[in-house]
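The values are calculated or read from the model by the stated rules, or taken from the named source; none is laboratory data. Note that the structure is predicted; figures quoted are calculated from it, not measured. Please note: Cβ atoms are built from the backbone with ideal geometry, for glycine as well, and neighbour counts cover all protein chains shown. Just the protein is used for accessible areas: all its heavy atoms, side chains included, with ligands, DNA and RNA removed. Shrake-Rupley method; radii C 1.70, N 1.55, O 1.52, S 1.80 Å.
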Amino acid sequence: MTIEQSDCLIIGGGPAGLTAATYLARFHMRVTLVNDGKSRALLIPQSHNLPGFPEGISGHDLLLRMREHARQYGAALVDGRVDDIRRTATGFVAQTQDGAWSARAVLLATGVTNRRPSLDDDTHAEALRRGHLRYCPVCDGYEVSGQNVAVIGCDERAVSECEFLRSFSDRVTAISTVGDDFPDDLRHRLERIGATIRLGPITAIRLSVSGLEVAAEDGVKNYDAVYPALGSSIHSSLAKELGAAATEDGCIEVDRHQRTTVKHLYAAGDVVYGLDQISVCNGQAAIAAVAIRNDLSAEQQLSWPPAARQAFLSPEPDVGNP
Ligand SMILES: Cc1cc2nc3c(=O)[nH]c(=O)nc-3n(C[C@H](O)[C@H](O)[C@H](O)COP(=O)(O)OP(=O)(O)OC[C@H]3O[C@@H](n4cnc5c(N)ncnc54)[C@H](O)[C@@H]3O)c2cc1C
């Protein structure tokens, strides 16, 4: 099996990975991005909070443009799933079913997956498309201004989302997923914002003509929009395999240059602790790309054409505070 050699291997082709690929390719670095195509951005019917897209853009179209951008500067985009990764004397080797990739540095941009309420895939996709099912109040609270919204969940996360959504609508309902009541402190916070409280268990969620119906002990109620606040599974297993530190809930720990605790292993996007937003992914990816370029160049580990390399061996340029 041939092992493809790169300066940097990026695992994950969502906004974070693709932004870093464009930056690194424009630094004349050999970049390979391996992606298994399950970006959360693909679930975005239309994003209206992305700077530069006043008319809004679907996640699908955004990723198409970002892929084209990275390819334009020579980044190699590969479909596949990295199942295994290990350190070597010169960097890392990552394994997919179709091949192996080695690189001096690796950027993990593997994202997270939202835990879903019990809905079949078609209903889930249709409810998202119609805007009746939403996962991110920061992204689209504005679009539900004044509407009848519900949050499904029974912990701190769910109550915080209710409090956040209360600044967009005075009709907010918290529906606990289990039969138990909310703990006193959380119930008090919900009462303070005038939220309606419904106790689970939720027996059914159905699409209606105008929204989503949620059935529970107290009957069936229809909402214009429902936000599941059920947490996420964080895709940090590769980082843990390499011994990189992670937070209790699994986010990869990084420093202000997006460096993990493992040398030449970096991480950006939803998989690291922070606000899960595309603008944040792009920012973290830019910071990681500059740190990767600088760290490898500091060890003269970059394989540029002689001319570029000669130009580079001059004193390190001041690129702000990377
Ligand atoms: C319904 C919805 C609406 C949203 N709306 C907005 C919005 O309006 N504005 C906004 O800023 N944000 C929005 N978001 C959030 C946004 O989608 C995420 O913040 C963003 O996609 C995170 O980017 P990422 O690159 O970190 O991860 P992702 O986009 O999730 O990409 C990670 C990629 O890594 C791949 N991957 C994982 N493991 C492996 C592996 N082992 N090998 C190969 N590939 C792997 C996955 O397949 C995936 O393609 C929304 C999210 C949802 C669900």
| note | Going through (1) within 22 Å of the chain's Cα centre (by Cα); (2) outside any strand (DSSP E or B); (3) closer than 27 Å to Y23 by Cβ one by one, G141 fails only at (3)
| request: Could you look through the range 179-198, keep only residues that are over 9 Å from C162 (Cβ atoms) and not charged (D, E, K, R), and pick out the one that is modelled with the lowest pLDDT? | output: G179
| query | Any idea which residue in the range 73-89 is farthest from the chain's Cα centre (by Cα), counting only those that are within 10 Å of the ligand (Cβ to nearest atom) and open to solvent by less than 60 Å² (accessible area, probe 1.4 Å)? | reply | I85
| remark: Those strands (runs of 3 or more DSSP E) completely within the range 165-278 that have 2 or more residues that are in contact (Cβ under 8 Å) with a residue 40 or more places away in the chain and of a type in the set (A, V, I, L, M) are 204-207, 212-216, 225-228, 265-267
| query | Does any residue in the range 90-103 that is open to solvent by 60 Å² or more (accessible area, probe 1.4 Å) come within less than 8 Å, Cβ to Cβ, of a residue that is of a type in the set (S, T, Y) six or more places away or on a different chain, and which pairs are these? | reply | T90/S102
| query | Does at least one position in the range 47-60 carry a residue that is within 14 Å of the chain's Cα centre (by Cα) and within 11 Å of the ligand (Cβ to nearest atom)? | reply | yes
| said: Anything in the range 11-32 that is in a helix (DSSP H, G or I) and near the ligand (Cβ under 6 Å from one of its atoms)? List them, or say none. | reply: P15, A16, G17
| query | Can we say V106 is outside any helix (DSSP H, G or I) and away from the ligand (no atom under 12 Å from the Cβ)? | reply | no
| Within the range 34-49, considering residues that are outside any loop (DSSP other than H, G, I, E, B) and touching a helix residue (DSSP H, G or I) at 6+ places or on another chain (Cβ under 7 Å), the one nearest to Q97 (Cα to Cα) | N35
| query | Among (1) of a type in the set (G, A, S); (2) open to solvent by 20 Å² or more (accessible area, probe 1.4 Å); (3) more than 7 Å from the ligand (Cβ to nearest atom), where does A70 come up short? | reply | (2)
| request: Collect the residues in the range 128-138 that are near the ligand (Cβ under 10 Å from one of its atoms), part of a loop (DSSP other than H, G, I, E, B) and either more than 22 Å from L50 (Cα to Cα) or not charged (D, E, K, R) (or both), keeping them in residue-number order. | output: G131, Y135, C136
| task | Filter the range 73-89 for residues that are touching a residue at least 40 places away in the same chain (Cβ under 8 Å) and either of a type outside the set (D, E, K, R) or not in a strand (DSSP E or B) (or both) and give the result. | result | Y73, G74, A75, A76, L77, V78, G80, R81, V82, I85
| field | Restricting the range 109-127 to residues that are of a type in the set (V, I, T) and within 11 Å of the ligand (Cβ to nearest atom), the residue that is least open to solvent (accessible area, probe 1.4 Å) | value | V112
| query | In the range 256-277, how many are more than 15 Å from the ligand (Cβ to nearest atom) and under 11 Å from A291 (Cα atoms)? | reply | 4
